[in-house]
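Each remark here refers to the structure printed beneath this line.
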Amino acid sequence: MTFNTILLTGAKGQLGNELTIALQPLTKNNGIELLLTDVDTLDICNCEAVMSYCATHRPDIIINCAAYTAVDKAESDKEMAQKLNVEAIGNLAQAAKSINAKIIHISTDYVFDGTAHEPYKESDATSPKSVYGITKAEGEQNLLKICPDAIILRTAWLYSTYGRNFVKTMLSLGEQRDKLTVVADQFGTPTYAADLAAAIVRIMSHSTWEPGIYHFTNSGFATWYDFASAIMLLSHTNCEVLPIATEQYPTPAQRPHYSVLSKQKITDTFGIIPPHWLEALTRCLDKLQNNK
């Protein structure tokens, strides 16, 4: 499909930054306008502001990367999580509907309860256990109720060279400490935001618009302990990582024990084959090292 004007919300976040780069080849040579917004330029919690912005700029597609993602803080900040993850999605959906724009929305593996023993499919029932997961699931429902032809992309364990994330935290702690303890009984897939951004561009460039819910992470799976150990090994950081159980690291929000996502649907529909998480992590660490 072709889009003349693209609106990107949450442009200053991890995925927003990666998408800004990934979209350049698409926009640069084709006269496509890319509208980059964040909370300082467009408050998506303000319905009137969103409707006005979209009526003025008339984007053909809205890519929503904005979200309340502080998983533990959300447990005590339910009102803001609800505003950003549910109500704001409704605002974007209403605006998209009013100008007949397409919309791509980013969601999460936390919409599942984590009791599965095989990768979650898009058709599996959601049953979130945290405020973050509950609000993200409600946001999905809110969007599809207003814009049934939307595309929702669920992802997991996102990191990049931008913003704050697990990879950067581990690198920082690894330089400060000789030993670290990391949870070894939660399973998921680390996902490089640059690879998710590339997948979004691929979806936008597809010959037809294929609405629905899709899963995208890197391939393979790991525990947080595996992830941390790989970060230390690949970055040549001399810090020992020790495995612990979830019970030894209590957090305000309940995490899914198992939240590996099946990527078969996105492969079958768009021909997207996600790179393995270790290969993706290597690319990210190389980039971080080169940017020092």
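The table for this structure:
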quantity: Yes/no for ASP185 being touching a Pro at 6+ places or on another chain (Cβ under 7 Å), surrounded by fewer than 18 Cβ atoms within 10 Å (Cβ to Cβ) and in contact (Cβ under 8 Å) with a residue 24 or more places away in the chain; calculated: no
quantity: Out of GLU79, GLU122, sole residue that is more than 27 Å from LEU35 (Cα to Cα) and without any contact (Cβ under 8 Å) to a residue 12 or more places away in the chain; calculated: GLU79
quantity: Neighbours by Cβ (under 8 Å, 6+ apart or cross-chain): first from region 161-174, among the aliphatic types (A, V, I, L, M); second assigned to a helix (DSSP H, G or I) and surrounded by fewer than 17 Cβ atoms within 10 Å (Cβ to Cβ); calculated: VAL167/LEU288; LEU171/LEU288
quantity: Region 28-53: number of residues that are in contact with a Leu (Cβ under 7 Å, 6 or more places away or on another chain) and open to solvent by 80 Å² or more (accessible area, probe 1.4 Å); calculated: 1
quantity: Filtered residues of region 218-234 (kept if more than 26 Å from THR126 (Cα to Cα) and either assigned to a loop (DSSP other than H, G, I, E, B) or small (Gly, Ala, Ser) (or both)); calculated: ALA228, SER229, ALA230
quantity: Test result for PRO243, in contact (Cβ under 8 Å) with a residue 24 or more places away in the chain, in contact with a Phe, Trp or Tyr (Cβ under 6 Å, 6 or more places away or on another chain), open to solvent by 20 Å² or more (accessible area, probe 1.4 Å) and not β-branched (Val, Ile, Thr); calculated: yes
quantity: Matching residues, region 54-81, being open to solvent by 60 Å² or more (accessible area, probe 1.4 Å) and either in contact with a helix residue (DSSP H, G or I) (Cβ under 9 Å, 6 or more places away or on another chain) or of a type in the set (Asp, Glu) (or both); calculated: THR69, LYS73, SER76, LYS78, GLU79, MET80
quantity: Matching entry among ASP185, ASP178 (being modelled with pLDDT of 95 or more and over 29 Å from ASP124 (Cα atoms)); calculated: ASP178
quantity: Filtered residues of region 188-214 (kept if open to solvent by 20 Å² or more (accessible area, probe 1.4 Å) and aromatic (Phe, Trp, Tyr)); calculated: TRP209
quantity: Some residue of region 106-118 being more than 17 Å from LYS265 (Cα to Cα) and free of Cβ contacts under 8 Å to residues at least 40 places away in the same chain; calculated: no
quantity: Looking only at region 1-20, and only at residues there that are β-branched (Val, Ile, Thr) and open to solvent by less than 70 Å² (accessible area, probe 1.4 Å), the one that is farthest from the chain's Cα centre (by Cα); calculated: THR5
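Per-residue answers, yes or no, for (1) of a type in the set (A, V, I, L, M); (2) closer than 23 Å to LEU288 by Cβ; (3) without any contact (Cβ under 8 Å) to a residue 24 or more places away in the chain:
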residue	(1), (2), (3)
CYS147	no, no, no
ILE152	yes, no, no
ALA198	yes, yes, no
GLU210	no, no, no
ILE213	yes, no, no
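The values are calculated or read from the model by the stated rules, or taken from the named source; none is laboratory data. These figures come from a predicted structure and were not determined experimentally. With ideal geometry, Cβ positions are generated from the backbone for all residues, glycine too; neighbour counts draw on all protein chains shown. These area figures cover heavy atoms from the full protein model, side chains too; ligands, DNA and RNA do not enter into them. Shrake-Rupley method; radii C 1.70, N 1.55, O 1.52, S 1.80 Å.
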